[in-house]
Amino acid sequence: MAHIILLGDSIFDNAAYVPDDLPVIDLLKNVLPQGDQATLLAVDGDSIQEIDSQIQRLPKDASHLFISVGGNDALQYGSILVQSTPSSPKMLDAIATMKAEFNRNYEQMLDAVLSLDKPTVLCTIYDQCPLLDPAMGLLEFTALSMFNDCITRQAVQAGLPLIDLRVICNEVTDYSTVSPIEPSMAGGQKIARAIATVMTEHNFSERRTVVYGSARSSEI
């Protein structure tokens, strides 16, 4: 029997943003085969570097690790884009610096997770939140692409399956009315089904990257 562990941030730990509905962890438990378990170790607000403390709490029978993290790191970089002049070399240098830092932190985190020798699945950062703030929109449609590039590259290099939340959470109703950067129950259902699909379809014995998005998947 599988014991799925959810690591990361509020994409998985979204109970506070769906007060009248089911959070991702409960939706996942509802779609798993009988006998399989799911445990939430993700923490709302956590960043990449805090995954280390999460994996310290892994149950002994943990079988599969799903990681959705990086969005809070991206938010921390948002002010750099807003305060910089778009055409200035300073801004370009800032972008290069924050991408290198994000990539380094993600790589160190992933190395620590992979040292546990458990099947691992990564998630991209979704980028279709219904934001009204122009500054946040700038971050969403520019900076997130380079952060997702880091995640995708590392998934391919390690031969890990990848859930593309950019494709999965593609409707306004997928986002919470409490906070537009968090998944609603509708979005949570899509995320839960994607996790269940990976568990059902992916051959973890082979080191190959398959991208899972919506009802379709594609191999890299």
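The values are calculated or read from the model by the stated rules, or taken from the named source; none is laboratory data. Small disclaimer: the values here were computed from a predicted structure and weren't measured. Cβ coordinates were reconstructed from backbone atoms using ideal geometry, including for glycine residues, and neighbour counts include every protein chain displayed.
So which helices (runs of 4 or more DSSP H) are wholly in the stretch 93-209 and hold at least 1 residues that are more than 15 Å from the chain's Cα centre (by Cα) and more than 16 Å from Leu6 (Cβ to Cβ)?
134-138, 144-158, 185-201
Going by what's in this entry, would Arg207 be described as more than 22 Å from Val43 (Cβ to Cβ), touching a Leu at 6+ places or on another chain (Cβ under 9 Å) and surrounded by fewer than 16 Cβ atoms within 10 Å (Cβ to Cβ)?
yes
Name the residue, out of Ile25, Ile55, that is surrounded by 19 or more Cβ atoms within 10 Å (Cβ to Cβ), modelled with pLDDT of 95 or more and touching a helix residue (DSSP H, G or I) at 6+ places or on another chain (Cβ under 7 Å).
Ile55
Is it the case that Gly45 is modelled with pLDDT of 95 or more, crowded, with 16+ Cβ neighbours inside 10 Å and on the phi > 0 side of the Ramachandran plot?
no
May I ask you to verify whether Asp13 is surrounded by 12 or more Cβ atoms within 10 Å (Cβ to Cβ), at pLDDT 95 or above, farther than 24 Å from Asp149 by Cβ and acidic (Asp, Glu)?
Yes.
Going through the stretch 1-51 one residue at a time, which ones are free of Cβ contacts under 8 Å to residues at least 40 places away in the same chain, more than 14 Å from Asp73 (Cβ to Cβ), not hydrophobic (A, V, I, L, M, F, W, C) and not in a loop (DSSP other than H, G, I, E, B)?
Asp26, Lys29, Gln37, Thr39 - these are the residues of the stretch 1-51 that are free of Cβ contacts under 8 Å to residues at least 40 places away in the same chain, more than 14 Å from Asp73 (Cβ to Cβ), not hydrophobic (A, V, I, L, M, F, W, C) and not in a loop (DSSP other than H, G, I, E, B).
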